[in-house]
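Each value in this text was obtained by applying a stated rule to the coordinates, not by laboratory testing. As the structure is a prediction and not an experimental result, all values here were calculated from the model. Here Cβ is always computed from backbone atoms with ideal geometry, including for glycine, and neighbour counts include all displayed protein chains.
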Amino acid sequence: MSDRPADLVFTGGPVLTMDAARSRASRLAVRDGRILAVGHDEVEDLIGDRTEVVDLRGRALLPGFQDAHVHAVMGGMELARCDLTGTTDVAEYLRRIRAYADARPELPWITGGGWSMESFPGGTPTAALLDRAVADRPVLLQNRDHHGAWANTRALELAGLSADTPDPADGRIERDAGGNPSGTLHEGAVELVGAHVPPDTPRERLEGLLRAQEMLHGLGITAWQDAIVGGTDGYPDISDAYLTAARDGLLTARVVGALWWSRTKGAEQIPELLDRRELLTVGRLRCSTVKVMQDGVAENFTAAMTSPYLDGCGCLTGNSGLSFVDPEALRSHVTALDAHGFQVHFHALGDRAVREALDAIEAARAANGFRDTRHQLAHLQVVHPSDVARFRALGALANLQPYWAAHEPQMDELTIPFLGPERASWQYPFADLHRAGATLVMGSDWPVSTPDPFEALHVAVNRVLPEADGPAFLPDQRLDLTTALAAYTAGSAHANHLDDSGSLVPGKRADLVVLDRDPYTAPEALAETRVALTYVDGARVYASPTA
């Protein structure tokens, strides 16, 4: 024990260290932003006249959560726009859209999103329906998963879309019986209209980041990886918000930015990525990752599968989804990025995309040897059983979005029938990956779904949505609570190369969260857990009103 007193001591509750032994303690001391000691009664010897003592009152202390896949700036900006989340009622969508537009007559475009595909027949709303809310101004609203959008007639007209407009190579336009665009756009087709939306301003991006940061700290999140920083292919470049916040001392979280790999370019973009990595590494910001979106999503049949989707009658179609980057080129690109020390963060949702990503990592390992690049595959909705063991063998991290692994209409009506029974049973194989020795990390993909770690942990442990009464979804794939908590703390810290955080061990950063309870007392009610206090480097960044 040091002779100099601690700055901060926590006492009176379980300290869940998430260290290698997953040990528990009852006291923790902090000095100069680092964990000084973890233990029991002896830690109280470090309390001095100026030490702040936090009585946990039986509440748990954990490492701060780290979201390994989130879109913080995007989500923060959407909080200020037309918000359709939290409901699946079409009449409520139209009411909110109309109210938002009426309150903002100066806006040339109405934007926002959060609608669910389950709300509409076939998951595809129409422009005529949207016209009932707003017809005099263009409207473009992203769906909940941000892989599609809903446009009104005015937006389609301004973009010049007609029956003669071909589908882009990386997307699809929904059409009526006459071939005319009907109002729903998938994947790359969104940009046909999105290119006409006035761009966000730097101020809007910075305000979005700060709005998101405040909310995420309130959920116990102390660090994250933003999965799209510096976009093309229809994604805005939000890197200036992070750079400004980091330079001006406004960034209180630790952030890893994933630089966007443009699927319309090839290896010629690598020098620019290297330059951006250097430019965007300042303060608490480090942009040392490259994001490759290899496929789409299952609900609109763009997730890349090893066999074709079924149709509504259960017969094979001719569609197996999209691989946005040619698999052979992907192996070459990932090998080059690995050689430059980049982590590659794949969007890999279908089993073919997962296999293509693993093949690319295998090629990089063969060419470059095993480097500490910690490549990761996010989403992993469908994983072929023969590929599960490859994660451990290749050192590929399994980046899970656990909130999606549950029965709900989008799963039961728009996904399972079109996958078929066998392939549907391969979905979100969390326990199989864990048993096979894969390193698990967790993220929310907010604003696609909830940013609340405990709502996601509830599904990871129970395989049912909070407050759901139905059966568990593939219950053999449940994780135990300790494994799930470790994935959202130590696992995500590993994915983010933030090795001096993620567990409560002397010498590590004092990135801490105090909960309102011990989560082990009622694992079946994890979603009810709330955050009382959040600390970054030992400094309080959030306190609940009842803390």
**Report entry** Per-residue Cβ neighbour rank within 10 angstrom, fewest leading, PHE370, PHE418, PHE10
**Finding:** PHE370, PHE418, PHE10
Report summary line: Over the chain, the sum of -39500 (n - 2.57) across DSSP H runs of at least four, divided by residue number and rounded to 500 deg cm²/dmol, gives at 222 nm -7500 deg cm²/dmol
Query - Distance histogram for the chain (every C-alpha pair counted, 20 angstrom bins, percent rounded to whole numbers) - result: 22, 56, 21, 2, 0
Query raised in the report: Arranged by the count of other C-beta atoms within 10 angstrom, fewest first, what order do ASP89, ASP237 take?
Result: ASP89, ASP237
Report task. Could you please rank LYS508, LYS265, LYS291, placing first whichever residue has the fewest other Cβ atoms within 10 Å of its Cβ? Result -> LYS265, LYS508, LYS291
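Given an 8 Å cut-off on Cα distances and at least 6 residues of separation, report the relative contact order of the stretch 202-495 as a percent. Present the calculation step by step, with values, prior to reporting the outcome.
On the way: 553 pairs, mean separation 37.1, N = 294.
Answer for the stretch 202-495 is 13 percent.
Where does the charge balance sit around HIS69 when Lys and Arg score +1, Asp and Glu -1, over other residues with C-beta under 10 Å from its C-beta?
-2
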Query - Charge dipole (the stretch 202-495, unit charges on Cβ, about Cα centre) - positive-most of GLY218, ASN368, GLY266 - result: ASN368
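So if I place +1 on the C-beta of Lys and Arg and -1 on the C-beta of Asp and Glu, and nothing else carries charge, what would the dipole magnitude of the stretch 109-194 be about its Cα centre? I want it in debye, nearest 20. Intermediate values should be presented prior to the final figure.
Numbers: 6 positive and 12 negative charges, 51 e Å.
So the dipole magnitude of the stretch 109-194 works out to roughly 240 debye.
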Report summary line: If each part is reduced to its alpha-carbon centroid, the stretch 25-42 and the stretch 229-267 end up apart, in Å, by 36
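Using the Cα centre as the reference, give the magnitude of the dipole from point charges on the C-beta atoms of the chain (Lys, Arg: +1; Asp, Glu: -1; all else neutral), rounded to the nearest 20 debye. Numbers along the way, then the final one.
Values: 49 positive and 75 negative charges, 170 e Å.
Magnitude of the dipole: close to 820 debye.
Given the stretch 109-194, report the % of alpha carbon pairs whose separation exceeds 15 Å.
On the way: 1836 of 3655 pairs.
Counting every Cα pair in the stretch 109-194, those more than 15 Å apart make up 50 percent.
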